[in-house]
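One structure below.
The values are calculated or read from the model by the stated rules, or taken from the named source; none is laboratory data. Keep in mind the model is a prediction, meaning the values are calculated, not measured. Here the Cβ positions follow ideal geometry from the backbone for every residue, glycine too, while neighbour counts run over all protein chains shown.
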Ligand code: PBG
């Protein structure tokens with residue numbers, strides 16, 4: 001009997017053969033590491049729902065950055081935890097806001113480091129929404145003005161990339177115009193173009209203290225059931241002048257990452273969000289999974305799905321593990 005079949009196992013027979021045909025790789029340059037900077041001094045609080053992730057005050061920033069640089073990580077994304085919050089999120093666009101100060105500190109001492117500034121109001125507003133609130137509504141156009149002010153003050157402080165995460169319509173157009181007008185036409189926009197209204201952000205809201213005080217974010221963040229809408233969102237941001245497109249969350253949305261990759265020719269960034277981190281950590285701390293293997297598999301899966309860059313709380317661990325291989 002003559003059988004006809006393909007011998008796929010030929011290319012899997014040894015570690016070196018597998019390395020030869022490996023299609024995707026993780027590198028330290030792929031990662032953007034999130035930092036939570038809290039106002040005040042001598043503070044290093046572990047986020048209870050995110051073991052290994054800390055809110056740090058500025059006096060811990062030097063040692064934190066030294067570690068990040070020594071690992072070969074080339075970019076960080078900054079989130080601020082201000083001492084004071086108000087209706088309009090003034091600390092988001094204050095020239096001496098916590099993110100502006102941290103940006104100046106890093107760019108002064110580590111000029112090569114790429115500092116990405118998350119541009120949003122939710123960490124700074126007393127109501128915890130990402131825009132200006134009137135009654136129980138989050139106003140679109142009124143929010144744009146404050147987001148532009150925030151982006152410009154972040155650029156002034158030296159941010160290399162502006163990453164607006166607020167999901168107001170027109171935020172890329174408004175921020176691009178505002179940056180250009182202020183003389184920052186060279187500063188790129190990494191748009192959170194496709195951002196779902198997700199329960200996976202829960203632990204981040206502990207870390208950034210940004211839980212909405214009423215309602216939810218469903219009138220501005222996307223419905224997890226939708227796929228075509230992701231292409232509409234990405235298309236507007238491309239037309240408005242975005243330089244990078246973020247898809248967020250990561251793990252449950254890999255189909256969307258592939259759609260965005262196939263339809264647009266900008267670098268695609270995936271945000272491996274807090275809830276994804278917490279789930280893996282919890283299982284690892286219970287000894288239920290092999291953390292290193294799970295994390296590296298998850299991250300390379302994101303690259304396979306089409307991500308060029310990965311924002312992840314696992315960045316430092318991943319680089320350490322990659323160096324061990
Ligand atoms: C701010 C913002 C959020 C995240 C990043 N930027 C929270 C939110 O939209 O509620 C989530 C990141 C994470 O969960 O790791 N708008």
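Among the residues of the stretch 243-255, the ones that are more than 16 Å from the ligand (Cβ to nearest atom) and surrounded by 17 or more Cβ atoms within 10 Å (Cβ to Cβ) come to 2 in all.
Counting only residues that are farther than 30 Å from residue 263 by Cα and touching a strand residue (DSSP E or B) at 6+ places or on another chain (Cβ under 9 Å), the stretch 286-318 holds 1 of them.
Answer yes if at least one residue in the stretch 166-177 is assigned to a loop (DSSP other than H, G, I, E, B), in contact with a strand residue (DSSP E or B) (Cβ under 6 Å, 6 or more places away or on another chain), within 16 Å of the ligand (Cβ to nearest atom) and within 30 Å of residue 279 (Cα to Cα), and no otherwise. Yes, the stretch 166-177 contains a residue that is assigned to a loop (DSSP other than H, G, I, E, B), in contact with a strand residue (DSSP E or B) (Cβ under 6 Å, 6 or more places away or on another chain), within 16 Å of the ligand (Cβ to nearest atom) and within 30 Å of residue 279 (Cα to Cα).
Residues to consider are 148, 152, 115; find the one that is more than 13 Å from the ligand (Cβ to nearest atom), outside any helix (DSSP H, G or I), modelled with pLDDT of 95 or more and in contact with a helix residue (DSSP H, G or I) (Cβ under 8 Å, 6 or more places away or on another chain). Exactly one of 148, 152, 115 is more than 13 Å from the ligand (Cβ to nearest atom), outside any helix (DSSP H, G or I), modelled with pLDDT of 95 or more and in contact with a helix residue (DSSP H, G or I) (Cβ under 8 Å, 6 or more places away or on another chain), namely 115. Close contacts from the stretch 202-216, counting a first residue that is farther than 14 Å from residue 127 by Cβ and at pLDDT 90 or above and a second that is part of a loop (DSSP other than H, G, I, E, B) and more than 10 Å from the ligand (Cβ to nearest atom), with Cβ to Cβ under 8 Å and a gap of 6+ residues or different chains, come to 202/49; 203/47; 203/49.
Could you identify the single residue in 222, 279 that is out of contact with any strand residue (DSSP E or B) (no Cβ under 7 Å at 6 or more places or on another chain) and either within 16 Å of the ligand (Cβ to nearest atom) or under 19 Å from residue 26 (Cα atoms) (or both)? Result of the check over 222, 279: 279.
Is there a residue being surrounded by fewer than 16 Cβ atoms within 10 Å (Cβ to Cβ) and away from the ligand (no atom under 12 Å from the Cβ) anywhere in the stretch 197-211? No, the stretch 197-211 has no match at all.
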